[in-house]
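Trainee: Handing you a structure now.
The values are calculated or read from the model by the stated rules, or taken from the named source; none is laboratory data. This one's a predicted model, so the numbers in the text were calculated from it and none came from an experiment. With ideal geometry, Cβ positions are generated from the backbone for all residues, glycine too; neighbour counts draw on all protein chains shown. Ligands, DNA and RNA are stripped out before the accessible areas are found, and what is left, the full protein with its side chains, is counted by its heavy atoms. Shrake-Rupley method; radii C 1.70, N 1.55, O 1.52, S 1.80 Å.
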Amino acid sequence: RACYLVLTLAEAVPRLRVSAKPGAPGDVTAGPLRSRTQAEAVAAAMRETFGLRVCRPALPVDDGSCLAGIIGTCRAPCRGGPAVDAYAEALAEARTWLDGDDRAGPQEQVRARMGKLSAERRYEQAAAARDQLAALERGRRALIRLRRSSGRSGIVLAPDVDERFVQSFACAGGRVVARRRLPRAGD
């Protein structure tokens, strides 16, 4: 059920995708997030906020029919020229956010857009921005928890279904490396 956010830097024109597996070497991978729904919500909010492309081809071609590029929800790197530089900046910001730097977070941009939309009495679009903000916050908290746990090592004891035993989990670098069923003895 868990999914990863993968920024495909190995592609000619990188994009953000949701995957059941971590990305290839050279890609930026964040996660795993608890569900595909959560990962899709975070990815959609990031794509819209940073202007990342949503088209599937590895090398998109601008034939003038890209709706996302026309309405401005994508920085349209397929157009070339200054759009390529703008897209590179957006990728750098997205990578920084996925790596854990909150200063480059899209939350403030979404808050500003939500305030502007509500001031213009475009309440349905403001509600959509509010939902994006909530998804980004949930994703940010989940990624912070994962980063914090990835540096931990030690032994975790948990009760077993049989009261005479306990389960022992050895963790290194946030991963379970061994599990043993131990007899409960004294303290």
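Trainee: Just a yes or no: is a residue in the stretch 85-99 open to solvent by 20 Å² or more (accessible area, probe 1.4 Å) and under 13 Å from G139 (Cα atoms)?
Mentor: Scanning the stretch 85-99 turns up at least one residue that is open to solvent by 20 Å² or more (accessible area, probe 1.4 Å) and under 13 Å from G139 (Cα atoms).
Matching residues to (1) modelled with pLDDT of 85 or more; (2) of a type outside the set (K, R); (3) in a strand (DSSP E or B):
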{"site": "R17", "(1), (2), (3)": "yes, no, yes"}
{"site": "R56", "(1), (2), (3)": "no, no, no"}
{"site": "P60", "(1), (2), (3)": "no, yes, no"}
{"site": "V84", "(1), (2), (3)": "no, yes, no"}
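Trainee: Which of the numbered conditions does G23 fail, given that it passes all the others? Conditions: (1) in a loop (DSSP other than H, G, I, E, B); (2) open to solvent by less than 50 Å² (accessible area, probe 1.4 Å); (3) over 22 Å from R175 (Cα atoms).
Mentor: (3)
Trainee: Please specify each residue of the stretch 33-44 satisfying the condition of being over 20 Å from P106 (Cα atoms) and open to solvent by 50 Å² or more (accessible area, probe 1.4 Å). Reasoning before the result, please.
Mentor: Taking the stretch 33-44 and keeping what is over 20 Å from P106 (Cα atoms), we get 34-36.
R34, R36 - these are the residues of the stretch 33-44 that are over 20 Å from P106 (Cα atoms) and open to solvent by 50 Å² or more (accessible area, probe 1.4 Å).
Trainee: Mind counting the residues in the stretch 162-186 that are surrounded by 11 or more Cβ atoms within 10 Å (Cβ to Cβ) and in a loop (DSSP other than H, G, I, E, B)?
Mentor: The qualifying residues number 2.
Trainee: Tell me, please, whether a residue that is open to solvent by less than 70 Å² (accessible area, probe 1.4 Å), over 13 Å from T49 (Cα atoms) and not hydroxyl-bearing (S, T, Y) can be found in the stretch 115-125. Walk me through it before giving the result.
Mentor: Filtering the stretch 115-125 down to residues open to solvent by less than 70 Å² (accessible area, probe 1.4 Å) leaves 115, 117-118.
Restricting the remaining residues to those that are over 13 Å from T49 (Cα atoms) gives 115, 117-118.
Retained after the next criterion (residues that are not hydroxyl-bearing (S, T, Y)): 115, 117.
The answer is yes, given that some residue of the stretch 115-125 is open to solvent by less than 70 Å² (accessible area, probe 1.4 Å), over 13 Å from T49 (Cα atoms) and not hydroxyl-bearing (S, T, Y).
Trainee: Name the pairs whose Cβ atoms lie under 9 Å apart, with the first residue in the stretch 11-30 and under 18 Å from G51 (Cβ atoms), the second of a type in the set (S, T, N, Q), and 6 or more positions between them or separate chains?
Mentor: The qualifying pairs are P14/T8; R15/T8; L16/T8; R17/T8; V28/T8.
Trainee: Sticking with this one: Sort through A12, A68 and tell me the only one that's of a type in the set (A, V, I, L, M), closer than 21 Å to V110 by Cβ and either surrounded by 13 or more Cβ atoms within 10 Å (Cβ to Cβ) or in contact with a Leu (Cβ under 7 Å, 6 or more places away or on another chain) (or both).
Mentor: On the way: A12 fails: closer than 21 Å to V110 by Cβ.
Checking each option against the conditions leaves just A68.
Trainee: It is to be established whether one or more residues within the stretch 125-137 are over 27 Å from A30 (Cα atoms) and of a type outside the set (D, E). Give the steps one after another, and end with the answer.
Mentor: Going through the stretch 125-137, the residues over 27 Å from A30 (Cα atoms) turn out to be 125-126.
Filter once more, keeping what is of a type outside the set (D, E): 125-126.
Within the stretch 125-137 (the criterion being over 27 Å from A30 (Cα atoms) and of a type outside the set (D, E)), the answer is yes, since at least one residue qualifies.
Trainee: On to the next question. Are there any pairs with C-beta distances below 6 angstrom linking a residue in the stretch 108-127 that is over 22 Å from A94 (Cβ atoms) to a residue that is hydroxyl-bearing (S, T, Y), with the two at least 6 apart or on different chains, and if so which?
Mentor: From the stretch 108-127, the pairs are A126/S118.
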